[in-house]
1. What number, rounded to the nearest 500 deg cm²/dmol, is the helix-based mean residue ellipticity at 222 nm of chain B, given -39500 (n - 2.57) per DSSP H run of at least four residues and division by all its residues?
2. Would you kindly compute the Cα radius of gyration of region A:227-273 and its largest Cα-Cα separation (Dmax), both in Å?
3. Going toward the positive end of the dipole of region B:3-174, with +1 on Lys and Arg Cβ and -1 on Asp and Glu Cβ, which of B:Ala64, B:Thr157, B:Met167 do you reach last?
4. When each pair of different Cα atoms in region B:66-124 is counted once in the 1/r mean, what is the Kirkwood radius in angstroms, to one decimal?
5. Can you list, shortest first and in nm, the gaps between the label point of A:Glu113 and those of its counterparts in the other copies, using a point 7 Å from Cα in the C-beta direction?
6. Within region B:81-179, which trypsin sites (Lys or Arg not before Pro) sit in a loop by DSSP and count at most 13 neighbouring Cβ atoms inside 10 Å?
7. Under a Cβ-Cβ cut-off of 14 Å, what is the net charge of the residues other than B:Pro85 that fall near it, where Lys and Arg count +1 and Asp and Glu count -1?
8. Let me have the relative contact order for region A:171-255, percent, based on Cα pairs under 8 Å that are six or more residues apart.
Protein chains: 2
Amino acid sequence: MIYQRVALIGLGLIASSMAHAIRRGGLAGEIIGTARSSETREIAREINLCDRITETATEAVQGADLVVLCVPVGAMGAVAQEIAPHLSEGCTVTDVGSVKKAVIEAVAPHLPEKVHFIPGHPLAGTEHSGPRSGFAELFDNRWNILVPTVGTPPEATDRLRKLWEGMGANVDQMDAEHHDLVLAVTSHCPHLIAYTMVGVADDLRRVTDSEVIKYSAAGFRDFTRIAASDPTMWRDVFLNNKEATLEILGRFTEELFALQRAIRTGDGQQLFDYFTHTRAIRRGIIEAGQDTAAPDFGRGPKR
Amino acid sequence: MIYQRVALIGLGLIASSMAHAIRRGGLAGEIIGTARSSETREIAREINLCDRITETATEAVQGADLVVLCVPVGAMGAVAQEIAPHLSEGCTVTDVGSVKKAVIEAVAPHLPEKVHFIPGHPLAGTEHSGPRSGFAELFDNRWNILVPTVGTPPEATDRLRKLWEGMGANVDQMDAEHHDLVLAVTSHCPHLIAYTMVGVADDLRRVTDSEVIKYSAAGFRDFTRIAASDPTMWRDVFLNNKEATLEILGRFTEELFALQRAIRTGDGQQLFDYFTHTRAIRRGIIEAGQDTAAPDFGRGPKR
Ligand SMILES: NC(=O)c1ccc[n+]([C@@H]2O[C@H](COP(=O)([O-])OP(=O)(O)OC[C@H]3O[C@@H](n4cnc5c(N)ncnc54)[C@H](OP(=O)(O)O)[C@@H]3O)[C@@H](O)[C@H]2O)c1
Ligand SMILES: NC(=O)c1ccc[n+]([C@@H]2O[C@H](COP(=O)([O-])OP(=O)(O)OC[C@H]3O[C@@H](n4cnc5c(N)ncnc54)[C@H](OP(=O)(O)O)[C@@H]3O)[C@@H](O)[C@H]2O)c1
């Protein structure tokens, strides 16, 4: 057991996966959960997601030695303000938000000195959301990035690291600014691009939606999966990681223009070289164990 | 048995999957294969991919009642020219190229009147290539688009349709120009965009390659899979579907600019509305049976 009482604020994909993973590992004495809507709280009770579901965040954090903020990035500040007066001495507050700099700016000012704020971000997810979408294996062999704030005692960080390791994750540390840039490249921009391409497909009047859907086997299918993610979550990510996202999108547009020009002028060699180069990166990902080389059969069509 | 003797010209992913699927269904009396390089022919013999492997395409097509061109789009014309004098009376020639208008323009002029040319395109693939990458299930529940040329007897088209259905595919017909536009949206542009994003990630000096690889869980990981596809095949696709690809990329860039502006000005509502809209398209794909809603577990990390 690593914490006596863990309070999960927000009960969506990430929080419900944490609840399952914490139980799987026997990592907490008690798991308390709460969510904004009575509907979500009701579902959580029905599926027995936590040991106790409270009506308010204020109640949830009472006596907790770990509080995890699992709400959209844009809602973190208000939640922190609400719970701040009710936090126990020496308790650790962490979050799972996809953006770190803006979350720290929104949350840190509200928290009392007597608690340890250790922002975090598990690099794991699916396109589903809500309390029913979680599963214990979500974090297995995925990375969790911790961004400890200045003055956090190493023991507090170590304890949180052990929790995540107990949930199956590998843990890394970096500073908030670097986190936001790395994530802009590996996650935020790919999402925006996927959303855009799916939107273009839908706009095109000469190709019907049903054709797009019917013939979406490779390529587009992966984009639609990415683009099916929660709109609130992603709105908040882009509004709160503006600088890095816009920088990467600027570079992306430049390179895309260069490839468009190669297509227009028929420069096959440039296309071939570019495509050859990107293959090597894929090989790196397989070697790093973040994916397998096997054809995509786990996700085959329904028969 | 639907054909007496099927000749596969080129022995990569598509041809080797066809060989396995034809055998699985008992759809041909005999499968003859050939490839450009002796290395590929050697591997094909070693794994017993076909009933007979010939040194040249000319030999392979002799006596065949079905010839399938399974080479990159840019090589189709030369192969057609080479085999044309050796085709049997009444034989059907088809192809599996990802582009149709340019292939028809390159192949049709070489073929004698006595054969039926029925261009085709199976919408199924993986990022792997070569004779070892094929498997019998590749076409199961996927679409194959046939683009019969003017004057093709319906019996010839029906027979080819039966072959594809026997290999597990659903068969549709459309004209070449429409095919190329639909595919530009659902496959060609998504591939170019994925290649570009992977290239950008690699260019960015402040984020190391190993960081990109390490933290590529969601989003970027799907892009790298797409961007790992064969460079020759994709070079040929873009050079041969220039018009439709450039049109779609133009629209894509426009929409991306609009979303970039929304991020810059902090217009959360526009982002939210856009992301909400694209979710519906995803639902359509799941309902159309081209993917499942299950979290991506078939492709979990190696332990
Ligand atoms: N999904 C991913 O792939 C992923 C991956 C890594 C990190 N994250 C981060 O994890 C956090 C949660 O994401 P999730 O996927 O678990 O989301 P989710 O499934 O959509 O759940 C969000 C939860 O937050 C609550 N909530 C929403 N708006 C709120 C507000 N204004 N005030 C208070 N509570 C609010 C919701 O309550 P109701 O149910 O009552 O509406 C719900 O319980 C986000 O910060 C996200 O950036 C997500
Ligand atoms: N891969 C997909 O996802 C997919 C999906 C649908 C359609 N297609 C289409 O299917 C066709 C074959 O693709 P694939 O994925 O099977 O490719 P692949 O695995 O790379 O195999 C290509 C085959 O074509 C041969 N070849 C290459 N260049 C040639 C040339 N200039 N002249 C003669 N033969 C040549 C190769 O011979 P060697 O092995 O001797 O080099 C190899 O046997 C392409 O037209 C592609 O557009 C592909």
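Just so you know, all these numbers are worked out from the coordinates, no wet-lab data involved. All values derive from a computational prediction rather than experimental measurement. Positions of Cβ are backbone-derived with ideal geometry, glycine not excepted, and every protein chain shown enters the neighbour counts.
1. Details: 13 runs with 145 residues, N = 303.
Roughly -14500 deg cm²/dmol at 222 nm, from the helical runs in chain B.
2. Final numbers for Rg and Dmax: 15.6, 42 Å.
3. Result: B:Met167.
4. Working: mean 1/r = 0.0889 Å⁻¹.
Answer for region B:66-124: a Kirkwood hydrodynamic radius of 11.3 Å.
5. 9.9
6. On the way: sites: B:Lys100, B:Lys101, B:Lys114, B:Arg132, B:Arg142, B:Arg159, B:Arg161, B:Lys162; in loops: B:Lys100, B:Lys114, B:Arg132, B:Arg142.
Filter output for region B:81-179: B:Lys114.
7. Working: positive: B:Lys114; negative: B:Glu59, B:Glu82, B:Glu89, B:Glu113.
Charge balance near B:Pro85 sits at -3.
8. Working: 39 pairs, mean separation 38.0, N = 85.
Result for region A:171-255 is 45 percent.
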